[in-house]
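First the structure, in the form of structure tokens, and then the observations on it.
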Amino acid sequence: MSLAFTEGIWRPELSLFRAIDIRCDDCGRGKRMQPAEIRAQVAKGVYSLVGLHDKLHCAVCRDRGGLGKNVSVYPIKRGE
Ligand SMILES: [Zn+2]
């Protein structure tokens, strides 16, 4: 697969969102990732929603002995 971007200035997918709601589907806990936190992820090299999702886990479920990986992300686009 080619990773070449042919047109325009490439911007990370994550920079399209003004916030991202994150919810654990096992325990129902959630939080909203704020713009500063999103920028911090991009600065660390996390550019896509899928890449971010791979890194997320629920600390509460992990503390209970689970994997804590049943986490959903709901991005909120700029202007919404
Ligand atoms: Zn959980």
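Structure values in brief
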{"read-out": "Within region 14-61, tally of residues that are of a type outside the set (A, V, I, L, M, F, W, C), under 17 Å from Ile76 (Cβ atoms) and part of a loop (DSSP other than H, G, I, E, B)", "value": "2"}
{"read-out": "Any hit, region 59-69, residues being surrounded by 13 or more Cβ atoms within 10 Å (Cβ to Cβ) and away from the ligand (no atom under 16 Å from the Cβ)", "value": "no"}
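Coordinate-derived values only; no laboratory data. Since the model is a prediction, treat every value here as computed from it, not as a measurement. All Cβ positions, even for glycine, are placed from backbone atoms using ideal geometry, and neighbour counts span all protein chains on display.
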